[in-house]
Structure formats: C-alpha cells, structure tokens
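Report on one structure; see the data block that follows.
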Amino acid sequence: MTTTMANSMTDNDNEPLSPERVRRGRRVALLLFVIGFGPMLLATVMYYTGWLNPAGHVNYGSLVQPLVPVSQLNLIGTDGKRLADRFTAPTANRQWLMLTTAEGCAQTCESLLYLSRQVNVALGKDANRVARAAYLTELTLSQQQRLGAEYEAVEMLRRGGRDPVWPDAINPAAGPRILLVDPLGHVMMQYTPDNSGEDMLKDIKRLLKLSQLG
C-alpha cells in the first residue's frame, strides 16, 4: 500500500500544471514581491518625484552629487584660517554659505554677487543663518578694491598653499556660479546665471526650515 501511495504521489508530481495553477502561482509570487519590496519602491518614487512628499522634492538649483567637502577646495578666509575649519565649530556657530566663484569677475559674476546679497536680505530674520563669500581669481587691483567696497559683507577668499581641487561639476573655469555649502561643510547645490533669485530663495528657505544646524 505504501508503495502504491508513493507511486501515486510521484505520478501527481509529474503531471503538467494546469493554466489555472500557473496563474495562481504567479499571483502568489507577485503578492510576495509587493509585500517585500513595495514599500521600498514607493518610498523611492515619492523621493524622486515629490509625490505625496510634504517637502515637495523639487530643487531649483542643481544638486551636487556626490557632495563635495569644502576642505577639498583648500580655501582660506580673510582671517588666514582654513574655510573648512568653520564647519567644525560648535553647532551654535555654524552657518550655511553662499559661495560665489568665477575666473575674473565680469558682468555675469557681479550679477551673481548682487543676487546673493538680495537673496540674503529677502531671508529676513533668517539672514544671519546664511553667510556670503566669494572666490574670484584673476582680479585686477582696482577690481579687488571696488568689489570689496561694494560688497563689504562678502568675504573674499583665497587659495591655500596648493591649488583648490575643483570637481568638474563645480569648476569656476566652466563659468561663474553660486555654490551652496551646508553647515556640515559640504558643497551640496549650485546656481548658474540661468537661475533667478526667486529660485535660490525658495530652495534656501526650504533648507533652513528643515535644517537642525545653521
């Protein structure tokens, strides 16, 4: 009898699956996939599209990916200290930074300096949470003096003992731009002359609202 049952089971195992059993098996497999990976896929879609995302994952500036540590730029402040050191200061003293960069400073560059000032003013009570600086190469002495007088609140940075290492994505040689540095010392977003002041203001206001630092 045992042999008969075993043979019967073997015969059943060798029988071809009916279309209905195949469809049922596929539905079960799909359900298991959705249960296991559905939440992760949904979160990914929400993050990249802003769908149902209260923060509205929409950036007007261009994200810098991967983030660039400001220490890599090897810049020195007017106090003679490394710019990167400011981002290791006590939490209460950290700020966001709008950093204007350009080779020389023609009209487009000056427009960005003016734009950063207007954005800072428009931040109102949060203006002190965002500092402004510039790294401008190949300036004449008269340009240095004039820009220093017109933009007193903008700290003019210089390079350290070696040339800054600028990733291609943010290299000043590719054109003037404003880099946004977070309170942890990462270049995380950039704005070109194609961006408006309103673009920058919206991004920065949202970042300040979400930020636990700066």
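The values are calculated or read from the model by the stated rules, or taken from the named source; none is laboratory data. Quick caveat: nothing in here was measured; it's all calculated off a predicted structure. For neighbour counting, all protein chains shown are included, and Cβ atoms are generated from backbone atoms with ideal geometry for every residue, glycine included.
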Item to complete: Name, by its number, the condition in (1) more than 24 Å from the chain's Cα centre (by Cα); (2) over 15 Å from Gln95 (Cβ atoms) that does not hold for Ala153.
Response: (2)
Worksheet entry | Arg162, sole failed condition from (1) farther than 17 Å from Leu112 by Cβ; (2) modelled with pLDDT of 90 or more; (3) out of contact with any helix residue (DSSP H, G or I) (no Cβ under 7 Å at 6 or more places or on another chain) | (2)
Item to complete: May I ask you to list the residues in the range 157-185 that are over 19 Å from Glu103 (Cα atoms) and buried (at least 18 other Cβ atoms within 10 Å of the Cβ)?
Response: Val181, Asp182, Pro183, Gly185
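Being of a type outside the set (A, V, I, L, M, F, W, C) and under 17 Å from the mean Cα position of the chain (by Cα) narrows it down to one residue among Gln95, Gln107; which is it?
Gln95
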Worksheet, complete the sentence: Taking the range 170-199 and keeping only residues that are touching a Leu at 6+ places or on another chain (Cβ under 7 Å) and polar (S, T, N, Q), one is left with Gln190
